[in-house]
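See below for the structure under consideration.
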Amino acid sequence: MKPLAFTLLRILADGNYHSGTALGRMLNISRSSVFNMLSKLECYGVTIHRVRGRGYRWLNPVRWLDSEQIRHYLAEYGYSIAIEIADVVESTNSLLLQRAMQQEVVADQGIQVLAAELQTQGRGRRGRTWSSGLGDSLTFSVLWPSKCTVNALSGLSLAVGIAIVRALATFEICNIALKWPNDVTVDHNKLAGVLIELHGDMLSPSKVIIGIGLNTKLSAIVKNQIEQKVTDIATIAAQVPDRNQLLAVLLRELIQVLGSFEQNGFAPFVEEWQRYHAYQHKAVRISFPDGNSKDGVAIGVASDGALLVEMGNETVQLRSGEVSLRGLAK
């Protein structure tokens, strides 16, 4: 989506009708260019109503992200975070990872946050695609200049999942479950996902990129683009929180979790994570990279975040880079 399209949508975000002639005059383009631009936005979940003689009206306008509002909700936490809001990027994780590789980032520089109104090539675990429309999700990444070495970061994606659950609980959004190693679900429908990427070596402090995608109000068009069962906050909650406040609460909970994780690793989070475990003491199927699969019973996670599965007479520890997991029907 071109920058001019965002300018056009910001005009239409007031919910009123605007004539094509008036819009063209404001943007210094023709009325037909306005029509063509708006016609191409449907794939992003944008619904524009056109009435002859009245013009165009945006029926589902976005509540735009605003760094100053986010800082307001963050209160004292806002001073230690650099927040950047982009209209459109391919991937917030990719961009922050690129920046981490090109610059020296040290711990006392604090956390950097990049959020996007639209992410066109969002990425998930194991090379999967994360699909979202314009403003229908929170898609953001956090660059954390951690003091931890790579070896000490085991279980981080699980700890981030706990931060998401805590943030949602603030808005009385309940019945949330965690699917190992990086999904947040409701009734086995995906609500949010986490993608951790690292820049550093095994012995030195790491630059950690934490990507989070959280569905707030997906359009039917975007849902049809997603090849798995998904849900959003609009479906499971009485009211969708203000996106700026929701992002601020997510960042606040994440900062607290990262502080504890940096000091003590994942071990203090084991019990809490297991309370939300979608498959705790349930039958699961583990799929391995070579195409084989084995069935067992998920009994929890270890202090380093490894999944514990009973297979026959033994308990096997599995790590996120090795396998994928799904539940088995009774």
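When each of 100, 13, 22 is tested for being small (Gly, Ala, Ser), within 15 Å of residue 113 (Cα to Cα) and either in the same structural domain as residue 210 (by TED's automatic domain parsing) or touching a strand residue (DSSP E or B) at 6+ places or on another chain (Cβ under 8 Å) (or both), the lone residue that passes is 100. Just checking, does the range 2-10 include any residue being loosely packed, with under 14 Cβ neighbours inside 10 Å and more than 20 Å from residue 116 (Cα to Cα)? No: zero hits.
Filtering the range 167-191 to residues that are surrounded by fewer than 19 Cβ atoms within 10 Å (Cβ to Cβ) and either under 16 Å from the mean Cα position of the chain (by Cα) or at positive phi (or both) leaves 172, 175, 187, 188, 189.
Taking residues in the range 135-150 that are over 30 Å from residue 43 (Cα atoms), and partners anywhere that are of a type in the set (Ser, Thr, Tyr) and surrounded by fewer than 24 Cβ atoms within 10 Å (Cβ to Cβ), the pairs with Cβ atoms closer than 7 Å and at least 6 places apart or on different chains are 146/206; 148/206; 149/204; 149/206; 150/206. Within the range 25-47, restricting attention to residues that are on the phi < 0 side of the Ramachandran plot and surrounded by 18 or more Cβ atoms within 10 Å (Cβ to Cβ), the residue that is nearest to the chain's Cα centre (by Cα) is 44. Taken over the range 54-78, residues that are without any contact (Cβ under 8 Å) to a residue 24 or more places away in the chain and closer than 30 Å to residue 35 by Cβ amount to 1.
Among the conditions (1) assigned to a strand (DSSP E or B); (2) within 17 Å of residue 182 (Cα to Cα); (3) among the β-branched types (Val, Ile, Thr), the only one that residue 270 does not satisfy is (1).
Those strands (runs of 3 or more DSSP E) of the range 169-249 in which at least 2 residues are modelled with pLDDT under 90, considering only elements entirely within it, cover 189-199.
Taken over the range 79-90, the criterion of being outside any strand (DSSP E or B) and in contact (Cβ under 8 Å) with a residue 40 or more places away in the chain is satisfied by 80 alone.
The values are calculated or read from the model by the stated rules, or taken from the named source; none is laboratory data. All values reported here derive from a predicted model rather than from experimental measurement. Backbone-built Cβ (ideal geometry, glycine too); neighbour counts: all protein chains shown.
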